[in-house]
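J.: I have a structure I would like to understand better, so I am pasting it below and will then ask my questions one at a time.
The values are calculated or read from the model by the stated rules, or taken from the named source; none is laboratory data. None of these values were measured; they are calculated from a predicted model. Cβ placement follows ideal geometry from the backbone for every residue including glycine, while neighbour counts extend to all protein chains displayed.
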Amino acid sequence: MITAVVSLTAIGSGLGWILGTAARRFAVEGDSRVKEVEAMLPAANCGQCGFPGCAGAAEAIVAGDASPTCCPPGGKVVALAIATHLGLTLEDDGVDEGPLVAVVEDALCIGCTKCYRQCPSDAIIGAMKQLHYVFAEACTGCNQCVEKCPTGAISLQSLPATASTWVMPKPALAA
């Protein structure tokens, strides 16, 4: 019995050492810009950009397959930061709506829980045949619940301005 334990421990340790040495020796360094761009993204991993999580979106942005504006939860601020970091220019596509959150219209909600099961950030609470509610603080605005709602009870709306989030708009420059 002891011989078997000692021999398996020796074999496991030897193979572990070989694999560890091979991993260090044959390591392939990736593009460091991908990790930097991924750190700038909001880490919602909502898939609203069309890529599998923020890591996939960062790889596509660095490779040039996606625009820095592909992340709706990040908004214009994140897009400008990424574009500045990568040395890209952004076309001004109008006014930034800011972050969007899902809102449930009480009269239309039938409590089917399709939105609840689809939400990647667990921002929707409710039960079968009960009214559902969306926590605005947890909602990423990914639009997945809106697409799954059979009655159209869910819509995306801008966050309401509060005393802590309101910013005075910049005045227009006189010509």
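J.: Return the residues of segment 31-66 that are farther than 27 Å from A136 by Cβ and among the polar types (S, T, N, Q); say none if nothing qualifies.
T.: Once the filter is applied, which keeps residues that are farther than 27 Å from A136 by Cβ and among the polar types (S, T, N, Q), segment 31-66 yields only S32.
J.: Related question: From the list G126, G74, G87, which residue is under 29 Å from K35 (Cα atoms) and either surrounded by 14 or more Cβ atoms within 10 Å (Cβ to Cβ) or touching a strand residue (DSSP E or B) at 6+ places or on another chain (Cβ under 8 Å) (or both)?
T.: On the way: G126 fails: under 29 Å from K35 (Cα atoms); G87 fails: either surrounded by 14 or more Cβ atoms within 10 Å (Cβ to Cβ) or touching a strand residue (DSSP E or B) at 6+ places or on another chain (Cβ under 8 Å) (or both).
Result of the check over G126, G74, G87: G74.
J.: When only residues in segment 68-108 that are polar (S, T, N, Q) and not in a loop (DSSP other than H, G, I, E, B) count, which is modelled with the lowest pLDDT? Break it down into steps so the answer makes sense when it comes.
T.: First, pick out the residues of segment 68-108 that are polar (S, T, N, Q): 69, 84, 89.
This time we only want the ones that are not in a loop (DSSP other than H, G, I, E, B), so: 69, 84.
Working: T69: 85, T84: 90.
Looking at residues that are polar (S, T, N, Q) and not in a loop (DSSP other than H, G, I, E, B), I get T69.
J.: Further question on the same structure: Just the residues that are surrounded by 10 or more Cβ atoms within 10 Å (Cβ to Cβ) and more than 30 Å from H85 (Cα to Cα), please, taken from segment 20-41.
T.: G20, T21, A22
J.: Mind checking whether some residue in segment 143-154 is among the small types (G, A, S) and under 22 Å from P42 (Cα atoms)? Don't jump to the end; show me each part of the working.
T.: From segment 143-154, those among the small types (G, A, S) are 152-153; that's our starting set.
With the extra rule that they be under 22 Å from P42 (Cα atoms), the set shrinks to none.
No.
J.: Just give me the residues in segment 40-72 being without any contact (Cβ under 8 Å) to a residue 40 or more places away in the chain and polar (S, T, N, Q), in sequence order.
T.: If the condition is that a residue be without any contact (Cβ under 8 Å) to a residue 40 or more places away in the chain and polar (S, T, N, Q), then S67, T69 are the ones that fit.
J.: Something else now. Does D122 satisfy being within 24 Å of S67 (Cα to Cα), at pLDDT below 90 and assigned to a loop (DSSP other than H, G, I, E, B)?
T.: Working: within 24 Å of S67 (Cα to Cα): no; at pLDDT below 90: yes; assigned to a loop (DSSP other than H, G, I, E, B): yes.
Criteria not met by D122.
J.: Here's a follow-up. Across segment 19-50, what is the total count of residues that are among the aliphatic types (A, V, I, L, M) and part of a helix (DSSP H, G or I)?
T.: Pass one, segment 19-50, residues among the aliphatic types (A, V, I, L, M): 19, 22-23, 27-28, 34, 37, 39-41, 43-44.
Filter again for part of a helix (DSSP H, G or I), leaving 19, 22-23, 34, 37, 39-40.
Matching residues across segment 19-50 total 7.
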